[in-house]
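Asker: Next up is a structure, given as structure tokens.
The values are calculated or read from the model by the stated rules, or taken from the named source; none is laboratory data. Only a predicted model underlies this, so the values are computations on that prediction, with no experimental measurement involved. Here Cβ is always computed from backbone atoms with ideal geometry, including for glycine, and neighbour counts include all displayed protein chains. These area figures cover heavy atoms from the full protein model, side chains too; ligands, DNA and RNA do not enter into them. Shrake-Rupley method; radii C 1.70, N 1.55, O 1.52, S 1.80 Å.
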Amino acid sequence: MPEITQVRLSGFGGQGIVLAGILLGEAGVIEGKYIAGSNSYGAQARGSSCKSEVVFSDGPIDFPHLTTSDILVAMSQGAYNIFCEDVKEKSGLILFDQSQVIPRKEGLNHIQMGIPATEYALKRLKNKQVANIILLGALITITKIVSLKAIKKAIRNRVSKRFQGLNLKALQIGIELGRRLHG
């Protein structure tokens, strides 16, 4: 049976959730992993709920949708509230944007880590649109789900040349924040 890791990125439309999922999946493909992914928006694109799901495997994937997340990335309170209970007990990881989400203190048996993604995006880059990439950098640093080389290549492949520099700077900030949290 292949080793499977299930990742759900969530927030609301306009936060770059789908792009983050595409980049994460492409980085997995670059590293030769089997990848399945899906995205969904609420009834309205911008401002409504949004999720991107990526399934990583070292062998063929029989069922391409998430059953229970190994990792949840939450960029909004609503997304956190909806998906926090769908994370694997004990071994599951919840990464959240700490200026957007107030985590539950009781009733969850997961590792929870707050990342100041939106705060740093505004403070250091003057652009909150790259908070998703900051969270992605932290996620990769903490979990090692894909290599930094692969995610940088995915950004170069998928992000317009005009925005590549900004996204690579955001990724570096996320890497730094992930190292502070995880050593």
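Asker: As a test of the formula, what do you get for the chain when each DSSP H run with n ≥ 4 contributes -39,500 (n - 2.57) and the sum is divided by the residue count, at 222 nm and rounded to the nearest 500 deg cm²/dmol?
Answerer: So the calculated ellipticity at 222 nm is -13000 deg cm²/dmol.
Asker: Output ³J(HN,Hα) for the stretch 133-144: one whole-Hz value per residue in order, computed from phi by the Karplus curve 6.51 cos²θ - 1.76 cosθ + 1.60 with θ = phi - 60°, and x for Gly and Pro.
Answerer: Once rounded to whole Hz, the list reads 6, 4, 4, 4, x, 5, 4, 5, 5, 6, 9, 6.
Asker: Explain nothing, just the number: dipole magnitude of the stretch 46-180 about its Cα centre with +1 on each Lys and Arg Cβ and -1 on each Asp and Glu Cβ, in debye rounded to the nearest 20.
Answerer: Approximately 1020 debye in magnitude.
Asker: What per residue convex hull volume, in Å³, do the alpha-carbon atoms of the chain yield?
Answerer: Normalising the Cα hull of the chain by residue number yields 111 Å³.
Asker: Whole-Hz ³J(HN,Hα) for each residue in the stretch 72-84, computed from phi via Karplus 6.51 cos²θ - 1.76 cosθ + 1.60 with θ = phi - 60°, x for glycine and proline: what do you get?
Answerer: 10, 10, 10, 9, 9, 4, x, 5, 4, 4, 6, 9, 5
Asker: Based on the inverse mean of 1/r over its pairs of different Cα atoms, what is the Kirkwood hydrodynamic radius of the stretch 21-103, in Å?
Answerer: Radius from the Kirkwood sum: 13.8 Å.
Asker: Then there is this: Take each of the peptides 146-154, 170-178, average the number of other beta-carbon atoms within 10 Å over its residues, and list them starting from the highest.
Answerer: In descending order of packing, they fall as 170-178, 146-154.
Asker: Would you mind telling me the share, in percent, of accessible area of the chain contributed by carbon and sulfur at probe 1.4 angstrom?
Answerer: Percent of accessible area from carbon and sulfur atoms in the chain: 52.
Asker: Moving on to the next point. Using the heavy atoms of the protein chains alone and a 1.4 angstrom probe, what is the accessible area of the chain per residue in square angstrom?
Answerer: Ligands and nucleic acids excluded, the result is 49 Å² per residue.
Asker: At 25 °C and 0.890 mPa s, grab the translational diffusion coefficient of the stretch 58-120 from Stokes-Einstein with a Kirkwood Rh over Cα pairs, rounded to a whole number in µm² per second.
Answerer: After rounding, the answer is 197 µm²/s.
Asker: So, one more: Let me confirm the definition first: pairs of Lys residues in the chain, 8 or more apart or on different chains, C-alpha distance under 17 Å. How many are there?
Answerer: 17
Asker: Moving to a separate point now. Starting from 0.36 nm per residue, how many nanometres of slack lie between residue 157 and residue 58 once their C-alpha separation is accounted for? Write down the numbers at each step before the final one.
Answerer: Numbers: separation 99, 0.36 × 99 = 35.64 nm, distance 2.28 nm.
Extra length from residue 157 to residue 58 when fully extended: 33.4 nm.
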